[in-house]
Amino acid sequence: MSRNIQRRVFLMTVAASGASLSAGHAMAQVAVDEKDAQAAALGYVAEAKRVDAKKYPKFATGQNCANCALYQGKAGDKAGGCPLFAGKQVAAAGWCSAWAKKA
């Protein structure tokens, strides 16, 4: 009987973990708001063409989230994850001051 209880606990834990992962995936679909404190601190914009080059002199035309080393989306995705904005997605066409060239 103890073995059946252990099995049930294990199966409930696996089921709860799956639900938790699904909820986390749904949350990852939220786009970063440019007015968010973290986004504002990093100068994030959803469209790189709107970067204030005077404020961010290291910005170069052609830089965007899609070609940043931190970007976790796939090629061709309109948005993807970024470890700087946990649980949220950045626009592939976006940019922030933490941009780093992909290797």
Out of all the residues in region 63-90, which are in a loop (DSSP other than H, G, I, E, B) and closer than 14 Å to A100 by Cβ? Q63, N64, A69, L70, Y71, Q72, C82
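Quick one: which residue in M27, M12 is modelled with pLDDT under 95, in contact with a Gly (Cβ under 8 Å, 6 or more places away or on another chain) and aliphatic (A, V, I, L, M)?
On the way: M12 fails: in contact with a Gly (Cβ under 8 Å, 6 or more places away or on another chain).
The conditions single out M27.
Just give me the residues in region 68-84 being of a type in the set (A, V, I, L, M, F, W, C) and within 20 Å of K58 (Cβ to Cβ), in sequence order. Don't jump to the end; show me each part of the working.
The initial filter retains those residues of region 68-84 that are of a type in the set (A, V, I, L, M, F, W, C), namely 68-70, 75, 79, 82, 84.
Across region 68-84, the qualifying residues are C68, A69, L70, C82, L84.
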Of the residues that make up region 67-78, is at least one within 19 Å of V30 (Cα to Cα) and basic (K, R)? yes
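The values are calculated or read from the model by the stated rules, or taken from the named source; none is laboratory data. What you see is a predicted model; the values in this text were computed from it and never measured. Positions of Cβ are backbone-derived with ideal geometry, glycine not excepted, and every protein chain shown enters the neighbour counts.
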